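Data block below; observations after.
Here, each number is a calculation from the coordinates, and none is a lab measurement. Please read these numbers as outputs of a predicted model, since none were measured by experiment. No Cβ is skipped: glycine too gets one built from the backbone with ideal geometry, and neighbour counts run over all protein chains shown.
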Amino acid sequence: MYSISEIATIIGATYLQQYHDFSIENLLLDSRKLLFPKTSLFFAICGPRRTGNLFVAELYEKGVRNFVVDETITADVAATYPEANFCR
């Protein structure tokens, strides 16, 4: 188990928004595989057909609060999810 700040350091990410230093136990690459929202970190990976950023709103509603996103998510967009951490 790592904190979101430890993971951000490990992967060399910068914060777009930092809310709370949650503990992370699960890495999530597929939004359909969500089991433990409070302890999951969603990596919004860009695929050939879709970008993972499309699933941020849905996952936030389901309780996920930790996201690694690409440059298409801006600080203004992140601010619409006030209780979430966004790393790039």
Report the full-extension gain for the segment residue 70 to residue 27: residue separation times 0.36 nm, less the Cα-Cα distance, to one decimal in nm. 13.8 nm
Helical contribution to [θ] at 222 nm, DSSP H n ≥ 4, -39,500 (n - 2.57), averaged over the chain, rounded to 500: -4500 deg cm²/dmol
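Counting only DSSP beta bridges with both residues in the chain, tell me the antiparallel percent, nearest 5. It would help to have the intermediate numbers written out before the result.
Details: 5 of 13 bridges.
Beta bridges within the chain, antiparallel portion: roughly 40 percent.
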The chain: GluC sites (Glu not before Pro) falling in loop per DSSP and having at most 11 other Cβ within 10 Å: 71, 83
Quick one: length gained pulling residue 43 to residue 62 fully straight, 0.36 nm per residue minus the C-alpha distance? 5.3 nm
Looking at 55, 7, 20, which one has the Cα that reaches farthest to the positive end of the dipole of the chain (charges on Cβ: Lys, Arg +1; Asp, Glu -1)? 55
Along the Cα-to-Cβ line of residue 77, 7 Å from the Cα, sits a label point; which residues in the stretch 1-21 have backbone N less than 19 Å from it? 13-19
Net charge dipole size for the chain [Lys, Arg +1 and Asp, Glu -1 on Cβ; Debye, nearest 20]: 300 debye
Built amide H within the under 5 Å cut-off of residue 42, gap 5+: 28, 66, 67, 68
Residues with amide H under 5 Å from that of residue 17, placed H, sequence gap 5 or more: 86
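Pop the C-beta distance of residue 14 and residue 36 into the FRET formula with R0 = 35 Å and round what comes out to the nearest 0.05.
Calculated value: 0.85.
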